[in-house]
1. Counting just the residues of the range A:30-50 that are small (G, A, S) and under 16 Å from the mean Cα position of the chain (by Cα), which one comes out nearest to ligand 2 (Cβ to nearest atom)?
2. Considering every residue within the range A:46-61, establish whether at least one is over 23 Å from A:L239 (Cα atoms) and away from ligand 1 (no atom under 15 Å from the Cβ).
3. If only one of B:D55, B:D86, B:D90 is more than 14 Å from chain A (Cβ to nearest Cβ), at pLDDT 85 or above and farther than 27 Å from B:A201 by Cα, which one is it?
4. Cβ-Cβ distance below 9 Å, separation of 6 or more or different chains: which pairs start in the range A:146-168 with a residue that is among the acidic types (D, E) and end on one that is not in a helix (DSSP H, G or I)?
5. Note down all Cβ pairs under 7 Å where the first residue falls in the range A:54-68 and is closer than 15 Å to A:T29 by Cα, the second is of a type in the set (A, V, I, L, M) and within 6 Å of ligand 1 (Cβ to nearest atom), and they're at least six residues apart or on different chains.
6. Could you list, in sequence order, the residues of the range A:86-110 that are over 18 Å from A:P180 (Cβ atoms) and under 22 Å from the mean Cα position of the chain (by Cα)?
7. Please enumerate the residues belonging to the range A:113-150 that are within 13 Å of another protein chain (Cβ to nearest Cβ) and part of a helix (DSSP H, G or I).
8. Given A:D126, A:D109, which one is more than 16 Å from ligand 2 (Cβ to nearest atom) and open to solvent by 60 Å² or more (accessible area, probe 1.4 Å)?
Amino acid sequence: MKLWVGKKEKQINNAQSDLEYAVVADRLTKKFGKFIAVDHVSFKVKRGEVFGFLGPNGAGKSTTIRMLCGLLLPTEGTASVDGFDIAKQSDDVKAHIGYMSQRFSLYEDLTVEQNINFYGGIYGLDGKHFEERKRWAIEMAGLIGKETMLAQALSGGWRQRLALGCSILHEPPILFLDEPTGGVDPVSRRNFWDLIYDLSHRGVTVFVTTHYMDEAEHCNTIGLIYNGKLIATGSPTELKHNLDRYSIFEVHCTQPVDAMELLRGQTWTAETSIFGSAFHVSTFNEPDTQKKISQVLAKNKIQTERIEQIIPSLEDVFIHMIAEEDARKDGDIHL
Amino acid sequence: MNIIFHIIKKEFIQFRQDKKMFIVSFFAPVFQLLILGYAATFDVSKIPMAVCDFDNSPSSRTLIRNFTSTEYFRVVGYYDKTSEIDNQLDDGHASIAVVIPRGFEKKMGAGQSAPLQVIADGTETSSATIGLNYAFVIVSRYSQNIVLESLIKRGSVMMPARLSTEFRIWYNPDLKSRNFMVPGVLGLLLMVMTMILTSLAIVKEKELGTLEQLVVTPIKPYQLIIGKLAPFFVIGVIDVILVVFFASVVFSLPVKGGVLLLLGLSLIFLMTTLGLGLFISTISRTQQQAMMTAIFFFMMPMVFFSGFVFPIENMPTIIQYISYLIPLRYYFVIVRGLFLKGVGMSILWTQALALLIFGSVILSLSVMRFQKRLG
Ligand SMILES: Nc1ncnc2c1ncn2[C@@H]1O[C@H](COP(=O)(O)OP(=O)(O)OP(=O)(O)O)[C@@H](O)[C@H]1O
Ligand SMILES: [Mg+2]
């Protein structure tokens, strides 16, 4: 009797953690031969949140997402999606997720409607329910009146929304989007993110990878992945607190490259990075750093137009963290 | 089941929309059959022949008449110097020359062996071989008649026996290579159509990324495989029917052994080609790779070692053993047997069994590879 109660409690606990977290990754690792594409990555994605996976090219974003979707087996570590183990229960995982790969994959030689019919059929939808979902998908993608157009004739933004529609016909509770806005114009990007928020408000958990900082700002939680390692997670505000020890200045001057070189040599600066025609420099929180910057530049006959302290953007945070990671790695090597 | 239906439906919509594919699948086979059946025959007729008759006797003239009375040879001229014969052969005016030395009749009358020279232009090997073969048949028939006559004259043979010395080529009595080609073309066509098109269709989805999209759906690998292979199975069956139809209507070459048996055995052969197509798709990333792999690593060796171009019996022993690994070899025996000899299952069951074993092995191997790659 006691045993039975214990077992039941455990089930409830499990259910609660399933309720709280849609995705749990624990030291997830993928090696291709000797190359480690994803290196002991652990994180949790809360239900209903938009989780942004941010990182430069080749960081391991797609590889992580492909493991979570059951397309690749992890070399080490585990993960669960909607409470199902990605290695042992990949069929259950697949039934509970929607996935849009990096190249949104539609059949170019099928029409809008034929694409929807096909994916709907694959997901086992039929009858009235399917007709409803089809209408919903066409409306959502803004493709009313374009049902008989070939997918290849659609422009980027529409194709991408159609691909999204096809991947959520079966109303999955968790959605994985791999760089969904790659190569799409800013207006379409904006529209697409509106769709993402909309889904998120309805309780769908969205796991999305991106290069774009502005997109990352809009996520509830961000994971920064670099060289296969997750080097930071948190909300955009939390991540910015990482830079509390520093002050960030934006400098407009005549020779930004020389100026950056000069400032990098100072003991009281941390990072410099180019931002458009200006550059950002982070300094340790000491008094009068702004004055010190202008002194250094003036001494070297560089004309400064403007120096102002700014609130750090996510990009500042990431540049800083990547530089820190690189420095740590160099340190390792020298040891 | 429903899922398989949806995949097949999608394949057919795509197939219908792709005109090129339609032409390749249904017109190309017929076209190829007609071209190969009509033009690319190895038959030789009216071979230009130069004659040099030094004997100039009734016997030698009879022999020459034996040549000219067939439709295989055409005399371009009579010469009395061997050098002129050489010229005719060199210039290409003649492909074959017959030289009858002085004393031909006398030696024959004395019962000695009478030498005779037949020279063929070796630059065109196949027609030279065929010409020499014909010449051999004519000469041996002639000499048999002579021997028979002299035996009768000497009274050794009491009965004036009318021995038929007719030279008969079984199964292909007109010696038409077309009759040999057409069934072979069926085998080649089926292989090209199903093996290459299957591998391309699967690799195309890999290239486009739609395969990845399919794999994250709850679809089972076996459903995907059946759905992708079924359309090409149907195309293969239609191609068999087309070829059988045109072979009998255009070339008056009916399937003596029965169309149904041919269809049934073709289904087993299709198992091997579809299996190979699936296998190729698991080892190629791009359509171009799949095409190259299919042509250079599978099709060419198969064409050469299956007995389509060179008879297997003439191959080195090792290659003869290798040819046992080639499904086309068995299928050729089946189609030629059914088209030309009209044999039945009692003879063809070994070939059918070989195909069945090969098909099961390659199909399960490919399915396993396919599943593993997706898993
Ligand atoms: N199948 C594979 N075999 C070998 N290496 C691979 C394979 N897939 C990915 N990689 C490597 O793993 C690393 C991470 O790749 P991944 O596609 O996950 O990066 P990403 O963060 O998605 O980059 P991008 O922004 O360019 O899409 C890359 O260096 C890539 O070359
Ligand atoms: Mg990627």
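1. For the range A:30-50, the residue satisfying everything is A:S42.
2. Step one: list which residues in the range A:46-61 are over 23 Å from A:L239 (Cα atoms), which gives none.
No: the range A:46-61 contains no residue that is over 23 Å from A:L239 (Cα atoms) and away from ligand 1 (no atom under 15 Å from the Cβ).
3. On the way: B:D86 fails: at pLDDT 85 or above; B:D90 fails: at pLDDT 85 or above.
Exactly one of B:D55, B:D86, B:D90 is more than 14 Å from chain A (Cβ to nearest Cβ), at pLDDT 85 or above and farther than 27 Å from B:A201 by Cα, namely B:D55.
4. Close Cβ pairs (under 9 Å, with a partner that is not in a helix (DSSP H, G or I)) amount to A:E147/A:T111.
5. A:G60/A:A37; A:T63/A:A37
6. A:I86, A:V93, A:K94, A:H96
7. Within the range A:113-150, A:E113, A:Q114, A:N115, A:I116, A:N117, A:F118, A:Y119, A:G120, A:G121, A:I122, A:G127, A:F130 meet the criteria.
8. On the way: A:D109 fails: open to solvent by 60 Å² or more (accessible area, probe 1.4 Å).
Being more than 16 Å from ligand 2 (Cβ to nearest atom) and open to solvent by 60 Å² or more (accessible area, probe 1.4 Å) holds for just one of A:D126, A:D109, which is A:D126.
The values are calculated or read from the model by the stated rules, or taken from the named source; none is laboratory data. This is a predicted model, so every value here is computed, not measured. Glycine also receives a Cβ, built like all others from the backbone with ideal geometry; neighbour counts cover every protein chain displayed. Protein only, heavy atoms only, side chains kept; ligands, DNA and RNA dropped before computing areas. Shrake-Rupley method; radii C 1.70, N 1.55, O 1.52, S 1.80 Å.
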